[in-house]
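Comments concern the structure below.
The values are calculated or read from the model by the stated rules, or taken from the named source; none is laboratory data. Since the structure is predicted, the reported quantities are computational estimates derived from the model, not experimental observations. All Cβ positions, glycine included, derive from the backbone under ideal geometry; neighbour counts span all protein chains shown. Each accessible area value is taken on the protein alone, full model and side chains, heavy atoms only, with ligands, DNA and RNA left out. Shrake-Rupley method; radii C 1.70, N 1.55, O 1.52, S 1.80 Å.
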Amino acid sequence: MGVLDGLEPQSVFHYFEEITRIPHGSGNVKQISDYLKKFAVDRGLECIQDELFNIIIIKDATPGYEQEEPYILQGHMDMVAVSAPDCDIDMTKDPLRLCVENGRIHAQGTSLGGDDGIAVAYALALLDADNISHPRLEVILTVDEETGMEGAKGIDLSMLRGRRLINLDQEEEGVVITSCAGGARVDVSIPLQEEAAQQSATEQNRQLMQVKITGLLGGHSGIEINKGRGNANCLLGRILKGMSERFAISLVTMRGGVADNAIPREAEATILVDITHKEAAIAYAQEVAGRIKQELGDKDPEFAVDCRTVNQQEIPDGKKGSENGWEMKHYDAASTVQAFTCLCKLPNGVIAMSRDLEGLVQTSLNLGVAMLEQGALKLSYAVRSSVDEDREALCRQMQEIAGETGAVAEVRNTYTGWAYRTESPLRDIIVEIYEKMYGKKPVLEAIHAGVECGILASKIPNLDCVSIGPDMADVHTAQESLDIASVQRMWEYLQAVLAHK
């Protein structure tokens, strides 16, 4: 018996729970893609699975709808796989642990994958039904949307007949998305100079110290970027930059964040500091933490910094010390200060607000992942802008800043935005039916987050798009939730749209 058994709509929640049993974080999508292919084959539906594992499933029109224009329904099968620090789930191989509380669905200790598992569930429920009226349905389920929309970029859509597309990747009921920002990923690699593998007798007077940021809310870098929430990687960099300038520290380990499009909630680093400076270094970290806490205020009330001395066995990848000193790699004071100077010079957060639409972020970036590996501090950013020229200028600025400190910034996974259509017959239908069902017009909105409509529109001439979906909260975090009643209402609404002639 499933956790979601008995919830309405039963067919949608049945498939949603099925999906949560299959690990499907970005880059780990073959298993869910194969599941979707088998679903189609078992029902005799036309199915295409490409080499990227994108899926297209086609279902013929129901009687009376053969002459109606086809609908393309679209979502993505991958999720941002985030777990809480104390969670014992391996999201690369374990199912999610669903729970229902106060009318919402959560996953215990992890993200839920409502973004965009609910789109997949809606699509499967429609494809499996024999009592829902609709034109020809062409369902597109892409891979790796969350890491650069690689599936949408690589998919072949030449066989499709539809010219109107409903994207099901929206996270607020009653808000119809009509355009969105484009974006890119920027990877910065800051080289570090390794010190001797084992310490000299003089270096034996150095102490290992851990600095850890916890308690931040995090969130989706396209939706929550304008809420003033703290970025754990940037805040840790700020503290370590000050320490490196004052106490000649050496970096040993650093890691923070899980995805470049998720605002990181936690980050930690291990450093070596002269034993005579350890108390002053801890006091400095606490002083800066106090200032940051005041700056964040009620935007991140649980923000905390833990700065303490540790031994090698307590830190990530720690090894036992030899008789002659540390066996761990560590990096000299000069390159350590240079690395954090570069990190702090690089911009983060909201860069510009739209001059045309009040409250809309025009350009932003998010330092989602920071990792010390292979002799370099590696930073991964999600860059977004509704203006392509601004996105390109920001990426160039990052490359120039990186170059000033001997670092390299590589731009990848660039994708175009989705432009607003002055005339949209699909949008007119969406608004008309919503108003009839709920007695009010939906909100039409441009968003800063990215959806795949712009990329797909570049592949299908004259494609008319909208994006809709049920209410979700805290997407891309371990607190993510999905509103049950909203899923039901959107299911009824979607059926009404498909049945419209």
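Evaluation of A125 against the conditions (1) in a strand (DSSP E or B); (2) hydrophobic (A, V, I, L, M, F, W, C); (3) surrounded by fewer than 24 Cβ atoms within 10 Å (Cβ to Cβ) shows that the sole unmet condition is (1). The lone criterion from (1) within 26 Å of V337 (Cβ to Cβ); (2) touching a Cys at 6+ places or on another chain (Cβ under 6 Å) left unmet by A402 is number (2).
Table: residues versus (1) under 17 Å from the mean Cα position of the chain (by Cα); (2) crowded, with 16+ Cβ neighbours inside 10 Å; (3) of a type outside the set (V, I, T); (4) part of a helix (DSSP H, G or I).
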site: G44; (1), (2), (3), (4): no, no, yes, no
site: I58; (1), (2), (3), (4): no, yes, no, no
site: G64; (1), (2), (3), (4): no, no, yes, no
site: Q67; (1), (2), (3), (4): no, no, yes, no
site: D90; (1), (2), (3), (4): no, no, yes, no
site: C99; (1), (2), (3), (4): no, no, yes, no
site: V120; (1), (2), (3), (4): no, yes, no, yes
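Out of the residues in the stretch 389-407 that are charged (D, E, K, R) and touching a strand residue (DSSP E or B) at 6+ places or on another chain (Cβ under 6 Å), which is surrounded by the fewest Cβ atoms within 10 Å (Cβ to Cβ)? Restricting to residues being charged (D, E, K, R) and touching a strand residue (DSSP E or B) at 6+ places or on another chain (Cβ under 6 Å), the top hit is D390. The listed residues are R206, R246, R238, R164, and the only one of them that is basic (K, R), touching a strand residue (DSSP E or B) at 6+ places or on another chain (Cβ under 6 Å) and modelled with pLDDT of 95 or more turns out to be R164.
Conditions tested, residue by residue: (1) over 27 Å from R164 (Cβ atoms); (2) surrounded by 16 or more Cβ atoms within 10 Å (Cβ to Cβ).
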position	(1), (2)
P425	no, no
E432	no, no
I455	no, yes
G469	no, yes
E480	yes, yes
R489	no, yes
Y493	no, yes
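When V82 is tested against the conditions (1) over 19 Å from G218 (Cβ atoms); (2) open to solvent by less than 20 Å² (accessible area, probe 1.4 Å), the lone failure is (1). Residue-level check: of (1) open to solvent by less than 10 Å² (accessible area, probe 1.4 Å); (2) touching a strand residue (DSSP E or B) at 6+ places or on another chain (Cβ under 8 Å); (3) under 22 Å from G151 (Cβ atoms), V497 misses just (3). Taken together, the residues in the stretch 242-256 that are out of contact with any His (no Cβ under 9 Å at 6 or more places or on another chain), of a type outside the set (D, E) and open to solvent by 30 Å² or more (accessible area, probe 1.4 Å) amount to 1. Checking each residue in the stretch 264-287 for being open to solvent by 10 Å² or more (accessible area, probe 1.4 Å) and touching a Leu at 6+ places or on another chain (Cβ under 9 Å) picks out R265, E266, E268. Every condition in (1) out of contact with any Leu (no Cβ under 9 Å at 6 or more places or on another chain); (2) part of a loop (DSSP other than H, G, I, E, B) holds for I48 except the one numbered (2). Are there any pairs with C-beta distances below 7 angstrom linking a residue in the stretch 330-346 that is closer than 15 Å to C234 by Cα to a residue that is open to solvent by 40 Å² or more (accessible area, probe 1.4 Å) and modelled with pLDDT of 95 or more, with the two at least 6 apart or on different chains, and if so which? Partner pairs satisfying both residue conditions: V337/E245; F340/K241; T341/K241; C344/R238; C344/K241.
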